[in-house]
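Okay, structure first, notes after.
The values are calculated or read from the model by the stated rules, or taken from the named source; none is laboratory data. Everything numeric here is computed off the predicted structure, so don't read it as measured data. When we count neighbours, we look across all protein chains shown, and the Cβ atoms used for this are built from the backbone with ideal geometry, even at glycine.
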Amino acid sequence: MAQPLQVAWYNAAVEPHLRLPDFDRPDSLAVLIGNTRALWPRLLDAMRDDDRLRRAADPVDHYTMSVVGAAAERIGARREVRWAHTVGAEMVAMQRLAQIAGLAYLSPALLAVHPQFGPWIGLRAVVCIDVPGPAGDPPALAPPCDACDEGCRRALSDVIERSAAAATWRDWLAVRDACPRGREHRYDDDQIEYHYTKNLASLLAAVDRGR
Ligand code: B12
Ligand code: SF4
C-alpha cells in the first residue's frame, strides 16, 4: 500500500530530529509505503530464489530495501528514502506519519489501525520526492473505533503490568488480536511468529515448506 502526503504536514507535527527531508520545498511529496499480509508469500518466494536474501540477518528489511530501493531508482526527480527499521539518526515516527497521511489511525494501544485491514499492517518506508505533494490541509482521519469498548487499551495495560513478570510475545500479540477491525486480514501463523520473535529458524522453515 502507498499513501501520498505533503512533507510539511508531518514535519510540522514532529520533533526536529524526526523530520523528513523537504529539498527546501516544504510542500514536497512523500509517499508512505506499507504492507498487509500479502507481503509474506512474496517474501517466501523471493527467499527461495535468492540465496543472499535467505542469508540476510533481517530478510524483511532486506527485501523491503531491495524492492522499494529499486522502485525509487526509477523516479526522475531528487528523492530520499527513509526506512521504518532505522533507529537513531534518520528515524521516522512511522505511526504518526501514517495517521497524518490518512492511512491508519493511531489507536489507544499505540498500533496503527487501518480502516479495512485493522492493526494487521506494517509500515516500511517513506520516499521523499522533490516535486509538489498534495495541496491543502492533512486529511481528517476518523477513528475506526466506533462502538468499540477499547479492548486494545485493556490488553496493553495487561501486558505492561505483566512485563515486570516477563510478558511473552503472545501477550503482545493479544494486544493486536484485541482489535475487532480487520480480523479477516490477520497475518498467517508463520508470519506472526517471525514478526514477534524474529526467530530466523521459523522463517527458514516456512521457506522450505513451500519448496
Ligand atoms: C523501537 C520500536 C519498537 C520498540 C518500542 C519501545 C522502545 N524501546 O522504543 C519495541 C521493540 C518494544 C517494539 C515492539 C513492537 N513493535 Co515496534 N517499532 C519500533 C520502531 C522501529 C520505532 C518506534 C519509535 O521509537 N518511534 C520513534 C518515536 C519518537 O515515535 P513516537 O511517535 O513518539 O512513538 C510511537 C511509537 O514508538 C509507539 N511507542 C513508543 N513507545 C512505546 C512503548 C510501548 C510499550 C508501545 C506498545 C508502543 C510505543 O507509540 C508512539 C506513538 O506513535 C517502529 C517503526 C518506526 N520507525 O516508527 C516500530 C513499529 C511501531 N513497531 C511495530 C510492531 C508491529 C511492533 C510489535 C507489535 C512487534 C513486531 N515487531 O511485530 C511490538 C509490540 C508493540 C505493540 N503495540 O503491540 C510496527 C507497528 C505497526 C502498526 N500496525 O502499528 C512498527 C511501525 C514497525 C513496522 N515495520 O510496521 N517496537
Ligand atoms: S480495539 Fe477498538 S479502540 Fe482499539 S483500535 Fe481497535 S477498534 Fe479502536
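Return only the number of the condition from (1) more than 30 Å from Arg54 (Cβ to Cβ); (2) away from ligand 2 (no atom under 16 Å from the Cβ) that Lys198 does not satisfy.
Failed condition: (1).
Which one of Cys179, Cys128, Cys145, Cys152 is in contact with a Leu (Cβ under 6 Å, 6 or more places away or on another chain) and on the phi < 0 side of the Ramachandran plot?
Numbers: Cys179 fails: in contact with a Leu (Cβ under 6 Å, 6 or more places away or on another chain); Cys145 fails: in contact with a Leu (Cβ under 6 Å, 6 or more places away or on another chain); Cys152 fails: in contact with a Leu (Cβ under 6 Å, 6 or more places away or on another chain).
The conditions single out Cys128.
Can you pull out the helices (runs of 4 or more DSSP H) entirely within region 146-211 that have at least 3 residues that are within 17 Å of the chain's Cα centre (by Cα)? Show your work before the answer.
Working: elements: 151-163, 169-177, 189-197, 200-209.
Where helices (runs of 4 or more DSSP H) fall fully within region 146-211 and carry at least 3 residues being within 17 Å of the chain's Cα centre (by Cα), they are 169-177, 189-197.
Out of everything in region 122-142 that is part of a loop (DSSP other than H, G, I, E, B) and exposed (fewer than 13 other Cβ atoms within 10 Å of the Cβ), what residue ends up being farthest from ligand 2 (Cβ to nearest atom)? Before you say what the answer is, go through the steps one by one.
Let us first name the residues in region 122-142 that are part of a loop (DSSP other than H, G, I, E, B), namely 133-142.
Checking which are exposed (fewer than 13 other Cβ atoms within 10 Å of the Cβ) leaves us with 135-137, 140, 142.
Values: Ala135: 30, Gly136: 27, Asp137: 24, Ala140: 17, Ala142: 11 Å.
Taking the candidates together, the pick is Ala135.
Please count how many residues of region 9-25 are in contact with a strand residue (DSSP E or B) (Cβ under 8 Å, 6 or more places away or on another chain) and not acidic (Asp, Glu). Before you say what the answer is, go through the steps one by one.
Residues of region 9-25 that are in contact with a strand residue (DSSP E or B) (Cβ under 8 Å, 6 or more places away or on another chain), as a first pass: 10, 20-23, 25.
Adding the requirement that they be not acidic (Asp, Glu) leaves 10, 20-21, 23, 25.
Number of matching residues: 5.
Quick check on my filter: what residues within region 151-180 are under 11 Å from Ser107 (Cα atoms) and either away from ligand 2 (no atom under 11 Å from the Cβ) or modelled with pLDDT under 90 (or both)?
Of everything in region 151-180, nothing turns out to be under 11 Å from Ser107 (Cα atoms) and either away from ligand 2 (no atom under 11 Å from the Cβ) or modelled with pLDDT under 90 (or both).
At least 2 residues that are more than 16 Å from ligand 1 (Cβ to nearest atom) and over 15 Å from the mean Cα position of the chain (by Cα) in each: list the helices (runs of 4 or more DSSP H) lying fully within region 45-121 that qualify.
Numbers: elements: 51-54, 59-73, 94-101.
Where helices (runs of 4 or more DSSP H) fall fully within region 45-121 and carry at least 2 residues being more than 16 Å from ligand 1 (Cβ to nearest atom) and over 15 Å from the mean Cα position of the chain (by Cα), they are 51-54, 59-73.
Please tell me if Pro119 is touching a residue at least 24 places away in the same chain (Cβ under 8 Å) and surrounded by fewer than 22 Cβ atoms within 10 Å (Cβ to Cβ). Spell out how you get there, then give the answer.
Details: touching a residue at least 24 places away in the same chain (Cβ under 8 Å): yes; surrounded by fewer than 22 Cβ atoms within 10 Å (Cβ to Cβ): no.
Spelling it out, it is not the case that Pro119 is touching a residue at least 24 places away in the same chain (Cβ under 8 Å) and surrounded by fewer than 22 Cβ atoms within 10 Å (Cβ to Cβ).
Restricting to region 182-204, name every residue that is within 11 Å of ligand 1 (Cβ to nearest atom) and either β-branched (Val, Ile, Thr) or surrounded by 15 or more Cβ atoms within 10 Å (Cβ to Cβ) (or both).
Quick first cut of region 182-204, residues within 11 Å of ligand 1 (Cβ to nearest atom) only: 182, 187, 191-198.
Matches in region 182-204: Gly182, Tyr187, Gln191, Ile192, Glu193, Tyr194, His195, Tyr196, Thr197.
Where the second residue is outside any helix (DSSP H, G or I) and hydrophobic (A, V, I, L, M, F, W, C) and the first is more than 14 Å from Asp58 (Cα to Cα) and lies in region 185-211, which pairs have Cβ atoms under 8 Å and are six or more apart or on separate chains?
His185/Phe117; His185/Trp120; Arg186/Trp120; Tyr187/Trp120
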